[in-house]
Amino acid sequence: MSDLILPVILCGGTGTRLWPVSREGMAKQLLPILGPETLLQMTLRRVSGPDFADPMVIGAHPVRFTIRDQVEAVSPKARVVIEPERRDTMAAVLLAATIAAVEDENAILAVMPSDHLIREVDAFRDAIRIAARRVKDEGIAVIGVNPTEPSTAYGYIKPGADCGKGTSRVERFVEKPDEARARRLIEEGCLWNAGIFCFRAGWLVEAMQKVLPDAAKAVANAVTEMKPDLGMLIPGKAFGTVQKISFDHAFMEKTDAAHVAPAGFRWSDVGDWNAIWAAYEKDENGNAIRGDGCALDAHGNMIHSEGRLVCALGVNDLTIIETPDAIMVAPRERAQDVKALVSDLQAKGRPEAVEHIRNHRPWGWYQTMDLGERFRVKRIVVKPGAKLSLQKHHHRAEHWVVVRGTAEVTVDAKVSILHENESVYIPIGSVHRLANPGRIPVEIIEVQTGTYLEEDDIERIEDEFGRS
């Protein structure tokens, strides 16, 4: 048995609460919202050190290559496990415990979300150590954070009797109360539920077999059928039959073996634009500005720009978010209503509700710059050593201009090396491929012309990512 704690990082999420920056195709934990690294990468760094084993990351299938690349950049020995389908946190926690128990049923797991902001790393690690000691034999411990305000966005934990080792029994859990009740809970000594759990792998699997035997059996079958795929692990199809339910509702609210370990760190789940505003440095008037923005005679605003200059004049307490394809303006007090706005856009069939203008692929990304009746202009970036599929189009021709790096271009039987300011023409029906043989990203401008310009006009002949 290893004395190291196994960190398990849950990397799901639907990307609605920080729209339009985060979207279903790229949730907030995969974006550098608070600095040069993403929230996922910041989480991985928190669980590195002598007390921790190489982490396990549980992620969503649509963004598996982005997750893999971000994990490899900061924690190359981590295991990336990709859910074949989204099944909520109960399935993800049980999956991690089952995988760990196959190798060592006495392994101590620390399960945490990938999208939280915790700046006091030493205090965080101390809390994890305390929780891990409590559950070395049995039980489950959750990290409880001292509230700083009567938030209605968080769940609360009522601590009970002291049970030693720096923890208390959990008397009860309270799901997101209204403000008046939140104030009463704080007066009673309740803590925020940070959604960070510690338990012994074998103990949790056995406990879940009693509470949700069908789910435990399905996950066990999925782990037995798990296969490696391009540097990731993919559980078997049985995983898709597991009930969709949160771990809190499925297990924590039912078990009588829950403990709480008080946290000595400040914490935010970065759950809305108000939380981002609170986390940013501010000017003398309380404006938090990221990107190309300015504020005159304006106070308490959250301004986020990804390209264009955003100016606030004579306005207070607004959230102003600019992205290449959408702008949102709202009172900061309405931050929790962004999710409803996204639902309204989805109901109206607006693709901006779920899709980024920048489309990430396993080889890099592309972004549409202009679009007309018979043409489309794209910016394409390919990572060092990566290559697109060998493919052809039936309805469009393409012209590629290299603007950065070195590109290897295949057109039918001819392979060429193109440098900056060089170009190539791809006729309709030609078998072609773009690759990056260099050590820096290669960037091209692609001009498409033809009668049909959508992505489904791709016939893949060869693809290293297994796409058809």
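The values are calculated or read from the model by the stated rules, or taken from the named source; none is laboratory data. This structure is a prediction, so every number in the text was calculated from the model and none was measured. With ideal geometry, Cβ positions are generated from the backbone for all residues, glycine too; neighbour counts draw on all protein chains shown.
Which residues, counting only those in region 382-402, are farther than 20 Å from ARG460 by Cβ and surrounded by 17 or more Cβ atoms within 10 Å (Cβ to Cβ)? Once the filter is applied, which keeps residues that are farther than 20 Å from ARG460 by Cβ and surrounded by 17 or more Cβ atoms within 10 Å (Cβ to Cβ), region 382-402 yields only VAL402.
Taken over region 15-29, the criterion of being part of a strand (DSSP E or B) and closer than 17 Å to ASP337 by Cα is satisfied by ARG23 alone. From the list ALA335, ALA330, ALA353, the one residue that fits, being under 14 Å from GLY15 (Cβ atoms), in contact with a strand residue (DSSP E or B) (Cβ under 8 Å, 6 or more places away or on another chain) and not assigned by TED's automatic domain parsing to the domain that holds PHE65, is ALA353.
Considering only region 109-127, I want to know if a residue exists there that is over 24 Å from PRO262 (Cβ atoms) and either without any contact (Cβ under 8 Å) to a residue 12 or more places away in the chain or among the hydrophobic types (A, V, I, L, M, F, W, C) (or both). No: region 109-127 contains no residue that is over 24 Å from PRO262 (Cβ atoms) and either without any contact (Cβ under 8 Å) to a residue 12 or more places away in the chain or among the hydrophobic types (A, V, I, L, M, F, W, C) (or both).
Would you list the strands (runs of 3 or more DSSP E) that sit entirely within region 383-462 and hold 3 or more residues that are among the acidic types (Asp, Glu), within 16 Å of ARG361 (Cβ to Cβ) and under 33 Å from the mean Cα position of the chain (by Cα)? By residue number, no strands (runs of 3 or more DSSP E) qualify.
The number of residues in region 298-346 being farther than 28 Å from MET369 by Cβ, part of a loop (DSSP other than H, G, I, E, B) and not aliphatic (A, V, I, L, M) comes to 4. From the list ALA92, ALA110, ALA141, ALA131, the one residue that fits, being in a helix (DSSP H, G or I) and touching a Cys at 6+ places or on another chain (Cβ under 8 Å), is ALA131.
Filtered by the rule that a residue be closer than 10 Å to ASN106 by Cα and either crowded, with 24+ Cβ neighbours inside 10 Å or of a type outside the set (A, V, I, L, M) (or both), region 191-206 gives PHE199, ARG200, GLY202, TRP203. Is there a residue in region 304-323 that is crowded, with 17+ Cβ neighbours inside 10 Å, modelled with pLDDT under 95 and touching a Pro at 6+ places or on another chain (Cβ under 6 Å)? Yes.
Taken as a whole, the structure leaves PHE239 outside the set of residues that are closer than 29 Å to VAL174 by Cα, touching a residue at least 12 places away in the same chain (Cβ under 8 Å) and surrounded by 16 or more Cβ atoms within 10 Å (Cβ to Cβ).
Can you tell me which residue is farthest from the chain's Cα centre (by Cα) among those in region 221-256 that are among the acidic types (Asp, Glu) and part of a loop (DSSP other than H, G, I, E, B)? Here the answer is ASP256. Take ALA278 and tell me if it is free of Cβ contacts under 8 Å to residues at least 40 places away in the same chain, over 30 Å from GLY164 (Cα atoms) and crowded, with 20+ Cβ neighbours inside 10 Å. Judged against the criteria, ALA278 is not a match.
Could you tell me whether region 39-50 includes any residue that is within 26 Å of ARG334 (Cβ to Cβ), modelled with pLDDT under 95 and surrounded by fewer than 18 Cβ atoms within 10 Å (Cβ to Cβ)? Scanning region 39-50 turns up no residue that is within 26 Å of ARG334 (Cβ to Cβ), modelled with pLDDT under 95 and surrounded by fewer than 18 Cβ atoms within 10 Å (Cβ to Cβ).
The single residue among VAL442, VAL415, VAL447 that is surrounded by fewer than 16 Cβ atoms within 10 Å (Cβ to Cβ) and either of a type in the set (A, V, I, L, M) or touching a Leu at 6+ places or on another chain (Cβ under 9 Å) (or both) turns out to be VAL415.
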